[in-house]
Amino acid sequence: MANPVERIRNVAFCGHGSSGKTTLLDHLLNKTGAVKRPASVDDGTSICDFDEEEKEHKYTIEAKVTHFDHGGLRFNAIDTPGYPDFIGQTIGALYGVDTALIVVNAQSGIEVNTRRTFNEAGKAGLGRMIVLNKLDADNVDFDNLLASIKELFGSVCIPLNVPLGQGHDFRGVAGTLKPPEDTAGAVVDPATINESLIESIIEVDEQVTERYFEGQPPSDEEISRLILQAISEGTLIPLVCCSAKTGTGVDELLEAMQLCALSQDRVRRAVLREDGSEVKLTPDPNGPLVARVFKTRIDPFVQKLSYIRVFSGTLKKDLSVAATGARKPVKLGPLFEVQASETSPLDTAGPGEIVAVAKMEELQTGATLGELQLPPIPFPTPMVGLAVLPKSRGDEAKLSGALGKIVEEDPTFKLDHDQQTKELVITGMSELHLKILQERLKRRDKVEVETKEPKIPYRETIQAKAEGSYRHKKQTGGRGQFGEVHIRMMPLPEGVDIEAFCTKSRFPTMKSYHYDADNNFVWVDSVVGGTIPSNFLPAVEKGFRERMTRGVVAGYRVQNVAVEVYFGKHHPVDSSEAAFKTAGSMAFRDVFLKAKPALLEPIVTIHVTIPNNKVGDINSDLSGRRGRVLGMESAGGDLQTITAEVPLAEVTTYARSLSSITGGQGSYTMELSHYDVVPGNVQKEIVDKAQLKEEEED
Ligand SMILES: Nc1nc2c(ncn2[C@@H]2O[C@H](COP(=O)(O)OP(=O)(O)OP(=O)(O)O)[C@@H](O)[C@H]2O)c(=O)[nH]1
Ligand SMILES: [Mg+2]
């Protein structure tokens, strides 16, 4: 039976690793009777952490979809991984839900991924709630914790309940909305919080606020309505206390979810028409279809499952729908309701629902279904690379098939065939991320790999204008080869508006231009009078492209270049496609060398979290790596997060250095920021090395 959108609440459990998200969700599934069996992360019987790798490592690697009913509402709850290495799964999940439940480990306080998920949820426009978990653990100090949460996330974070006792004494919670009479043992008197809570709830309604200050408290109905408005506007972030381990506070957590989790219509989302104009998204089951794939999983036994959140319209098997990235409409496969590892067939899915659709080979994570488009999910670009080859010879095809599956499942994993080295290069968020994926390859796909030091994806470009020509002429008995190509070359700035660039004032005899966005390369056909017959121009372009892939100065791909072909010579008998291809390639090379060639290198943004007393060491280490520190923020407790830009080449094995500087107390994440010109001395080293290699190969 489909659930009406008003009754659906979609919630992602996110936060830092080991804060107890999975334990909490396992507990809720049991408590609400959705799954009736004991479950524990620690002994490998968790409902949510069901993958073999998760059972072995005892942490979540993939987002899991579950559901339970409570208080007349259907909750679709997604458990997400807490380690930054798997952030892609968490970000995907955030774009499938309306509320983020940020779980904080009361024992260790705010951690790196607490902040990251808090910010990502904000960016996605979701309602946010904070759950302080592990109140039963040693050394918990609620007062301090609340102060640091308010300091970092603002005074909009207000407790809906406070703990009665903490640590071993944690035995219950006392509500702050209607403080109970008996609050013996309360760490903070709930009555002292009541006022600020009520005020932050009713603040969103002028009339109710006015009446309140005239002495008339808001009604229960007003509270339930306005609290949702305050959460959706971000003027309130309610906080609750519990222990997933002992179960204390879990009933009250369910009550809080019932009161505070947002329904779909409370989250502002824009959908775009094809022409880029915005349309209001209304949750109408009979309206136009708007749905999005936020996760893909390839089940070891079954099939590819696309996890879809419906926002408008209704999904049904065999329906033909438009999808991002698919050339023609796709036909929907069978629909399933998901409960962690289990699936059960469904007929339809309407607004607010989260379902899996099987066997949709054309669908990719992030794709929107329907004619209207949702903005893309902001997955980070992974930057930690490794070259891989199968341990057993002959497994090449099997390996690339298996890696292809991971590309589909994981938007933060990339696979490239390096043209120069003929290597398979995999790129992920961190060394741990790649290690876990290798374990999956071994278990699921039965391929083992050997790895090599990562290669840096440098690029080649030019920094000046130049022009020149090349004549390819060969006479080897019989028919000869002849082709001559004249070109002008100039830098093509990144992010350029290509239409504005390719104008008659820049290229007076331009007939057409051909743009390749991947390499930011354009070539302009300005040949007049047929000096290069038009049937040979594609061959000239082919010559350019081959040279661009092969590189000119150090064997790296060329980008950000514009080439104008303006003149040439041909021969009625000896000219051929092959001759013009060679002439194109050689002209490109010669002129490139005259146009101030330069190497570009990837620069990453790195966030390094370390104890206070290591800040100096890390800052000077980063400067030694050609890094530029952009800023530093407290990460709660004794921790600081340094943000810096640094060339990828300097941090390919940063995990090891960080661990030795901090004695294992540090962590970091990085993602691509931009490409920048490599400094002269470093450039010379790379070019020399590449030339040496070329000579050795010759
Ligand atoms: N004392 C105490 N331990 C808890 C509590 N909740 C969870 N734990 C323990 O903390 C550890 C981590 O719990 P998980 O539920 O796996 O934490 P998680 O947030 O899902 O971790 P990731 O999947 O890595 O993000 C396990 O050993 C749990 O038994 C709690 O309320 N109190
Ligand atoms: Mg977990």
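The values are calculated or read from the model by the stated rules, or taken from the named source; none is laboratory data. These numbers come from a predicted model, not from an experiment. Here the Cβ positions follow ideal geometry from the backbone for every residue, glycine too, while neighbour counts run over all protein chains shown. Heads up: the accessible areas ignore ligands, DNA and RNA and are worked out on the full protein's heavy atoms, side chains in. Shrake-Rupley method; radii C 1.70, N 1.55, O 1.52, S 1.80 Å.
When the range 106-127 is limited to residues that are within 16 Å of ligand 2 (Cβ to nearest atom) and open to solvent by less than 10 Å² (accessible area, probe 1.4 Å), the one that is modelled with the lowest pLDDT turns out to be N113. Is it true that some residue in the range 570-583 is outside any helix (DSSP H, G or I) and of a type in the set (S, T, Y)? Taking every residue of the range 570-583 in turn, at least one turns out to be outside any helix (DSSP H, G or I) and of a type in the set (S, T, Y). For the range 662-685, the set of residues classified as more than 19 Å from R628 (Cβ to Cβ) and either among the hydrophobic types (A, V, I, L, M, F, W, C) or open to solvent by 30 Å² or more (accessible area, probe 1.4 Å) (or both) consists of G663, G664, Q665, S667, K684, E685, listed by residue number. Applying the condition of being of a type in the set (D, E) and at pLDDT 95 or above to the range 451-489 and asking which residue is nearest to T582 (Cα to Cα) yields E484.
Take A137 and decide whether it is surrounded by 15 or more Cβ atoms within 10 Å (Cβ to Cβ) and assigned to a loop (DSSP other than H, G, I, E, B).
Spelling it out, A137 is indeed surrounded by 15 or more Cβ atoms within 10 Å (Cβ to Cβ) and assigned to a loop (DSSP other than H, G, I, E, B).
The set of residues from the range 19-67 being of a type in the set (S, T, N, Q), closer than 27 Å to R115 by Cβ and within 12 Å of ligand 1 (Cβ to nearest atom) comprises S19, T22, T23, S46, T60. For the range 266-281, filtered to residues that are open to solvent by 100 Å² or more (accessible area, probe 1.4 Å) and part of a loop (DSSP other than H, G, I, E, B), the residue that is nearest to S224 (Cα to Cα) is R268. The C-beta contact set for the range 514-538 (first residue on the phi > 0 side of the Ramachandran plot, second residue in a loop (DSSP other than H, G, I, E, B) and open to solvent by less than 70 Å² (accessible area, probe 1.4 Å), distance under 8 angstrom, 6+ apart or interchain) comprises N520/L492; N520/V496; N520/Q559; N520/N560.
Of the residues making up the range 195-224, those that are assigned to a helix (DSSP H, G or I) and under 23 Å from G122 (Cβ atoms) are S196, L197, E199, S200, I201, I202. Of all residues in the range 518-549, those satisfying the criterion of being charged (D, E, K, R) and either assigned to a helix (DSSP H, G or I) or closer than 18 Å to F507 by Cα (or both) are D525, E541, K542, R545, E546, R547.
Of everything in the range 1-38 that is under 30 Å from the mean Cα position of the chain (by Cα) and among the aliphatic types (A, V, I, L, M), the residue that is farthest from M129 (Cα to Cα) is V5. All of (1) among the charged types (D, E, K, R); (2) within 15 Å of P382 (Cα to Cα); (3) modelled with pLDDT of 90 or more hold for E431 with one exception: (3).
If you go through the range 2-22 and pick out every residue that is more than 9 Å from ligand 2 (Cβ to nearest atom), out of contact with any helix residue (DSSP H, G or I) (no Cβ under 7 Å at 6 or more places or on another chain) and of a type in the set (G, A, S), you end up with 1. If you check K422, K435, K398 for being within 19 Å of the chain's Cα centre (by Cα) and open to solvent by 60 Å² or more (accessible area, probe 1.4 Å), only one passes: K435. Quick check, is L145 buried (at least 21 other Cβ atoms within 10 Å of the Cβ), part of a helix (DSSP H, G or I) and touching a residue at least 12 places away in the same chain (Cβ under 8 Å)? Spelling it out, L145 is indeed buried (at least 21 other Cβ atoms within 10 Å of the Cβ), part of a helix (DSSP H, G or I) and touching a residue at least 12 places away in the same chain (Cβ under 8 Å).
Table: residues versus (1) touching a helix residue (DSSP H, G or I) at 6+ places or on another chain (Cβ under 9 Å); (2) within 19 Å of V591 (Cβ to Cβ).
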site	(1), (2)
Y470	yes, yes
K473	yes, yes
I498	no, no
R506	no, yes
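Take the range 79-105 and flag every residue that is of a type in the set (S, T, Y), within 18 Å of V338 (Cα to Cα) and open to solvent by less than 10 Å² (accessible area, probe 1.4 Å).
Across the range 79-105, the qualifying residues are T80, T90.
Within the range 410-419, which residues are surrounded by fewer than 20 Cβ atoms within 10 Å (Cβ to Cβ) and either part of a helix (DSSP H, G or I) or among the charged types (D, E, K, R) (or both)? Matches in the range 410-419: K414, D416, D418.
The single condition among (1) within 12 Å of ligand 2 (Cβ to nearest atom); (2) open to solvent by 10 Å² or more (accessible area, probe 1.4 Å); (3) part of a strand (DSSP E or B) that R74 does not satisfy is (1). Reported count of residues in the range 574-589, each being open to solvent by 30 Å² or more (accessible area, probe 1.4 Å) and farther than 11 Å from H486 by Cα, is 5. Listed by position, the strands (runs of 3 or more DSSP E) contained in the range 310-403 that have at least 1 residues being under 29 Å from E450 (Cβ atoms) are 384-390. Could you look through the range 51-65, keep only residues that are part of a helix (DSSP H, G or I) and in contact with a Ser or Thr (Cβ under 9 Å, 6 or more places away or on another chain), and pick out the one that is nearest to ligand 2 (Cβ to nearest atom)? Per the stated criteria, the residue is E54.
Across the range 318-339, what is the total count of residues that are over 16 Å from A291 (Cα atoms) and open to solvent by 10 Å² or more (accessible area, probe 1.4 Å)? Lay out the reasoning, then the answer.
First, the residues of the range 318-339 that are over 16 Å from A291 (Cα atoms): 327-328, 338-339.
Now drop any that are not open to solvent by 10 Å² or more (accessible area, probe 1.4 Å), which leaves 327-328, 339.
Here the count works out to 3.
What are the residues in the range 77-95 that are small (G, A, S) and within 13 Å of ligand 2 (Cβ to nearest atom), if any? A77, G82, A93 - these are the residues of the range 77-95 that are small (G, A, S) and within 13 Å of ligand 2 (Cβ to nearest atom). The residues of the range 23-50 that are near ligand 2 (Cβ under 10 Å from one of its atoms), open to solvent by 10 Å² or more (accessible area, probe 1.4 Å) and either part of a helix (DSSP H, G or I) or in contact (Cβ under 8 Å) with a residue 40 or more places away in the chain (or both) amount to a single one, T23. Please work out if A649 is among the aliphatic types (A, V, I, L, M), within 21 Å of R115 (Cα to Cα) and in contact (Cβ under 8 Å) with a residue 60 or more places away in the chain. No, not satisfied.
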